[in-house]
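This report refers to the structure that appears directly beneath it.
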Amino acid sequence: MTSRSARIERNTLETQIAVAINLDGTGAAVFSTGVPFLEHMMDQIARHGLIDLDVTAQGDLHIDDHHTVEDIGITLGQAFAQAVGDKKGLYRYGHAYVPLDEALSRVVIDFSGRPGLVYDVKFPRGAIGRFDVDLFREFFQGFVNHAGVTLHIDNLKGSNAHHIAETIFKAMGRALRMAVAQDPRMAGMMPSTKGTL
């Protein structure tokens with residue numbers, strides 16, 4: 001089987017990011033970003049998506065977490081775009097509903113080649129620990145723009161901000177796992193009537 005892995009480095013005046021992924025992994029994850037809550041959330045993507053994920057980042061955290069979180073999303077998106085290759089044989093679409101106690105979220109993804117984010121999440125507070133919840137949208141927007149995916153994220157229920165965040169990222173992992181899986185009935189075929197994605 002062709003390797004479905006990628007390693008991307010992205011360096012700017014604000015951040016230096018390196019991301020390595022293996023779409024056919026076991027959910028192993030290694031992080032060194034200086035943003036512990038985001039690491040906890042990305043661990044959900046890896047574990048529930050069965051995607052090996054290694055992310056290192058150095059950023060201007062003395063200002064705030066914004067540039068680092070957004071640029072990790074961008075670099076992760078670039079890695080996914082490279083790892084899926086020409087997309088032949090992909091299931092292409094993925095979706096998941098994930099509950100955690102009172103919280104319930106839905107994530108739906110399409111490796112369409114067209115960046116689009118619909119994000120309907122209202123957190124009951126502005127921060128989880130020291131993590132600004134506004135940065136989740138920046139992370140997903142960076143991912144979408146550079147992975148070339150359409151992504152719908154909806155929090156359907158929830159009153160605990162940590163639970164809401166965790167259901168979103170677990171659902172993201174499950175949806176990715178479904179979308180990037182290879183459909184044996186589509187082997188060598190493009191999952192599109194256009195013949196390209």
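Every number in this text was worked out from the coordinates using simple rules, so none of it is lab data. Here the structure is a predicted model, which is why all the values come from computation and not from measurement. Cβ: placed from backbone, ideal geometry, glycine included. Neighbour counts: every protein chain shown.
Taking K157 as the anchor, which lysines have their alpha carbon closer than 16 Å to its alpha carbon, excluding any fewer than eight residues away along the same chain?
Within reach: K122, K170.
Would you kindly work out the equivalent ellipsoid of the range 5-186 from its C-alpha gyration tensor and give its semi-axes, the square roots of five times the eigenvalues, largest first in whole Å?
Each semi-axis is the square root of five times an eigenvalue, giving 23, 21, 14 Å.
Just to confirm a number: summing +1 for Lys and Arg and -1 for Asp and Glu over residues other than F37 whose beta-carbon lies under 12 angstrom from that of F37, what do you get?
In short, -4.
Tally Lys and Arg at +1 and Asp and Glu at -1 over the other residues with C-beta under 10 Å from the C-beta of E14: what net charge comes out?
-3
To make sure I understand the rule: partners must be lysines, Cα under 20 Å from the Cα of K87, and not fewer than 8 residues away in the same chain. Which ones qualify?
K194
Compute from the Cα atoms of the range 116-193 the Rg and the Dmax, the latter being the longest Cα-Cα distance, and quote both in angstrom.
15.2, 47
Test of understanding: ordering R185, R137 by Cβ neighbours within 10 Å, fewest first, what list do you get?
The fewest-first ordering by Cβ neighbours comes to R185, R137.
Can you give me the angle between helix 134-147 and the longest principal axis of the chain, using Cα atoms only, in degrees from 0 to 90, rounded to the nearest 10?
20 degrees
Starting from 0.36 nm per residue, how many nanometres of slack lie between D60 and M189 once their C-alpha separation is accounted for?
Using 0.36 nm per residue and subtracting the Cα-Cα distance, I get 42.1 nm.
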